[in-house]
Amino acid sequence: MEKFVALIKSGKSVILDTDIGPDCDDVGSLVILYHFAKEAGIPVLATVNCTSNPYGNGTLDVINRYFGYTDVRIAQYEKDGFLDGEETLKFNRALTEKFGGSINAASSLETYRECLESAKDGGVILITIGQFNTAAGALKAFPELFNKKISHIVSMAAAFPEGREYNVFCDAEAAKYVFDNFSGEIICSGFEVGETVMTGFAGETDVENDPIKLAYLLYNGPSIIRNSWDLTAVHFACTADEHFYKISEPGRMEILPDGRNRFHADEPGNCRYLIKNTSDEELAAYLNKILAEESK
């Protein structure tokens, strides 16, 4: 199995697959991604909305344009009724309407296919910071292409060594399919990694004209801070910075029907997970510095 080399060093492209709506840390994660994409020239092939909520597309359009990435494809899950209830609209509808985001998006399946067909063998790292439904759909539809072109998946998913985490239990069948059928390595930033790393815009008051800060305000209220589940996954994928993270030994991921996960240490396994190598405070300060630099 190919050793993981971070996006800033590997020359590989990236696809970001996100459930942009149920939580605002997806917005913070886009900030981290584009910070390093600009710095290191990382090609961003697509941002995929794995929910049925069209305002996720609008938010992706707003944030992509905010960073000048107007040519990044925006795609959406093809089926209705997945994570599109009123509880998923705390910030994305407002951002879409206030900043003129387009709710139009291409098919996630066709976007995966087109991006992978034009990529080099092993030339793509997939980051998932949502459920696995769109990735599983692509892996089922064209398994040879998916496994040939994607070398690694870095996911905010699961809890270690075991637990029940949102991105897995919302579609346990899809998560199981990806862990069981992807031929490359999956590196997880588990629930416990970002749970106690608090980031955002504490103390900010001038947020109305900044979609990043506004997303945090609308989701969290006046504190404007949130746990950094998704941010840690994206940060690791971009940098693999050993000052902040260690990686576990390999193992197998077992996904149970109710969405619980169990990690089994096993040398031939295709899964590893992150272990923080620094304090929550130091990691939060580092991520907050990037958020502050990139917001208006």
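The values are calculated or read from the model by the stated rules, or taken from the named source; none is laboratory data. Owing to the predicted nature of the structure, the values given are computational and were not obtained by experimental measurement. With ideal geometry, Cβ positions are generated from the backbone for all residues, glycine too; neighbour counts draw on all protein chains shown. To get the accessible areas, we keep the full protein, side chains included, count just its heavy atoms, and leave off ligands, DNA and RNA. Shrake-Rupley method; radii C 1.70, N 1.55, O 1.52, S 1.80 Å.
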**Prompt:** At what distance in nm do the modelled label points of residue 117 and residue 249 sit from each other, each positioned 7 Å from its Cα along Cα→Cβ?
**Reply:** 4.4
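What order, most packed first, do the peptides 188-201, 125-138 have when packing is the mean number of other Cβ atoms within 10 Å of each residue? Walk me through the intermediate numbers first.
Numbers: 188-201: 23.5, 125-138: 26.8.
By packing density, highest mean first, the sequence is 125-138, 188-201.
How would you classify the chain from its alpha-carbon gyration tensor, with a ≥ b ≥ c the square roots of the eigenvalues: rounded for a/c under 1.5, else prolate if a/b is greater than b/c, otherwise oblate? Write out the running numbers ahead of the final one.
Numbers: a/c = 1.41, a/b = 1.22, b/c = 1.16.
Cα axes put the chain in the rounded bin.
Looking at this model, which pairs from 38/140; 9/246; 149/289; 79/140; 3/148 are more than 24 angstrom apart at the alpha-carbon? Kindly include the intermediate steps, with their values, before the conclusion.
On the way: 38/140 33 Å; 9/246 18 Å; 149/289 34 Å; 79/140 16 Å; 3/148 15 Å.
As for pairs spanning more than 24 Å Cα to Cα, those are 38/140; 149/289.
In whole percent, and with a 1.4 Å probe on the protein chains, what portion of the accessible area of the chain is carbon and sulfur? Intermediate values should be presented prior to the final figure.
On the way: 5550 of 11540 Å².
Roughly 48 percent, rounded to a whole number.
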**Label zone at residue 183 (point 7 Å along Cα-to-Cβ), backbone N below 12 Å, the stretch 128-159** = 143-151
**Request:** Could you work out how far apart the two model spin labels at residue 256 and residue 70 are, taking each label as a point 7 Å from the Cα in the direction of the beta carbon, and quote it in nm?
**Result:** 5.1
**Fill in**
From DSSP H assignment alone, runs of 4+ in the chain each adding -39500 (n - 2.57), the sum over residues rounded to the nearest 500 puts [θ] at 222 nm at -11500 deg cm²/dmol
**Estimated FRET transfer efficiency (residue 202, residue 279; beta-carbon r; R0 22 Å; 0.05)** = 0.80
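Using R₀ = 35 Å, calculate the FRET efficiency as 1/(1 + (r/R₀)^6) where r is the Cβ-Cβ separation of residue 3 and residue 97; round to 0.05. Can you show the working numbers first?
Working: r = 45 Å, r/R0 = 1.28.
Calculated value: 0.20.
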**Message:** Given a 10 angstrom Cα cut-off, can you work out which residue in 155, 223, 108 is the most mobile in a GNM of the chain?
**Reply:** 223
**Request:** Quick one: compute the contact order of the stretch 170-255, relative version, from alpha carbon pairs under 8 angstrom and 6+ residues apart, as a percent.
**Result:** 34
**Item:** Rounded to 5, percent antiparallel among DSSP beta bridges of the chain
**Value:** 35
